[in-house]
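This report concerns only the one structure given below.
The values are calculated or read from the model by the stated rules, or taken from the named source; none is laboratory data. All values derive from a computational prediction rather than experimental measurement. Here the Cβ is made from the backbone with ideal geometry for all residues, glycine too, and neighbour counts use every protein chain on show. Side chains are part of the model used for accessible areas, which takes the heavy atoms of the whole protein and leaves out ligands, DNA and RNA. Shrake-Rupley method; radii C 1.70, N 1.55, O 1.52, S 1.80 Å.
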Amino acid sequence: MGYNYSFKDNLERAERVAWRIEDLIGGDKTLDFDRPFMPESLARVRALDFLSEHEKMLLNQIRGHTYLRIFGLVEEFILPFVLDHARSLLGGDDYSIRAYLEFAGEEAKHIHLFHRFAEAFRQGFGTACDVIGPGEAVAKHILSHHPLSVALVILHIEWMTQRHFVDSVHDDGKLDPCFKSMLKHHWMEEMQHAQLDTLMVEAIAARMSSAEIESAIDGYWAIGAFLDEGLKQQTQFDLTAFESAARRSLNPEERDQFMKVQHQANRWTYLGSGMSHPKFVEMMGLLNKDKQSGLLDAIPMFS
Ligand SMILES: [Fe+2]
Ligand SMILES: [Fe+2]
């Protein structure tokens, strides 16, 4: 297929942008609960006009917590997958092995980062918020698919994080600086991951027939459907957490509206924003033109 990403350049960039968790959270750096955490393009709380301004902020922060936990969860299957890929390269090109080990090390750091942020949230928010999981079971299920299906899901996630930070930049400047800095630092390292994952998809696909590739793309969709079911459950958890934090119950029509708007907001955050990224659409086209058309047809459902 032929992407011209260089392992040497990738590694150099990764080493240049490296940061420590302690630079982002801890000490006087903590979450400001008087501000929203998530860009409105992802949170979509404004459409719920039966909520007060304060309640919209509470829901935005609950969605921020969910974001930390869901990323903690997805990074748990990315880490072993990338380590396995790095192991398969042992004895080969020095730069490529080091680039993938750097990638894996950064994902381990990100898991730790999301844990630290989630801990700060728990200490400051005052209401328990449930999240789907456990991570090990989700990872086990996802990793049971064909490696190309998993690599595509990872590629989707890497490009998705690029978009999330860009959205936060275009937000109205009221976001909590600590949360925003987390999105920014994640973005800085994920750029290298997106390129390495592109090369990983290429390397895996190069050993496969077009029929095998087609069925692995179906596997990507099966994982997507599994995640979508989880997001529906998550929206229910967010509703329960919201009612508890706001200390009031929504009426049945408000609950319906909440579920409809917020499930779609979650779909866009974790599915639509990744699958519609131009780089992901491009990769799908390189793998299989018909599947690219199918992807383009499905995007509105997750937007
Ligand atoms: Fe990450
Ligand atoms: Fe990543």
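What the table shows:
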item: Cα→Cβ-extended label distance, 7 Å offset, between S209 and N4, nm; result: 3.4 nm
item: Computed FRET value (nearest 0.05) for R46 with Q233, which takes r as the C-beta separation and R₀ as 22 Å; result: 0.35
item: Percent of alpha-carbon pairs separated by more than 18 Å within the range 240-298; result: 53 percent
item: Chain lengthening between E22 and D171 when straightened (0.36 nm per residue, less Cα-Cα); result: 51.1 nm
item: Range of Cα positions in the range 11-140 per principal axis (Å), largest first; result: 60, 34, 26
item: Structure-based [θ]222 nm, the chain - -39500 (n - 2.57) summed over DSSP H runs of at least 4, per residue, nearest 500; result: -24500 deg cm²/dmol
item: H112 versus S249: modelled label distance in nm, points set 7 Å from Cα along the beta carbon direction; result: 4.5 nm
item: The range 259-303 and the range 211-235: distance between their alpha carbon centers, rounded to Å; result: 11 Å
item: Translational diffusion of the chain, µm² s⁻¹ [Kirkwood Rh, Cα pairs; Stokes-Einstein; 37 °C; 0.692 mPa s]; result: 165 µm²/s
item: Cβ-defined net charge surrounding L287, 15 Å radius [Lys, Arg +1; Asp, Glu -1]; result: -3
item: Per-peptide average of other Cβ atoms within 10 Å, ordering 70-82, 245-257, 221-233 highest first; result: 70-82, 221-233, 245-257
item: 0 to 90° range, to nearest 10: angle between helix 177-206 axis and the chain longest Cα axis; result: 30 degrees
item: Ordering of 41-48, 29-36 by burial proxy (mean other Cβ atoms within 10 Å per residue, highest first); result: 41-48, 29-36
item: In the range 128-207, the trypsin sites (Lys or Arg not before Pro) that fall in loop regions by DSSP, at most 16 other Cβ within 10 Å; result: K174, R207
item: Protection-proxy order for peptides 92-104, 291-303, 146-158, each taking the mean of Cβ atoms within 10 Å per residue, highest first; result: 146-158, 92-104, 291-303
item: Computed over the chain: relative contact order in percent, which uses C-alpha pairs under 8 Å that are six or more apart; result: 27 percent
item: Dipole magnitude of the range 25-71, debye to nearest 20 (Cβ charges: Lys/Arg +1, Asp/Glu -1, about Cα centre); result: 240 debye
item: Dipole of the range 102-208, positive end: most advanced residue of T127, M208, G105 [Cβ charges, Cα centre]; result: T127
item: Neighbourhood net charge (12 Å Cβ-Cβ; Lys/Arg +1, Asp/Glu -1) for Y5; result: 0
item: Heavy-atom accessible area per residue - the chain, 1.4 Å, Å²; result: 44 Å²
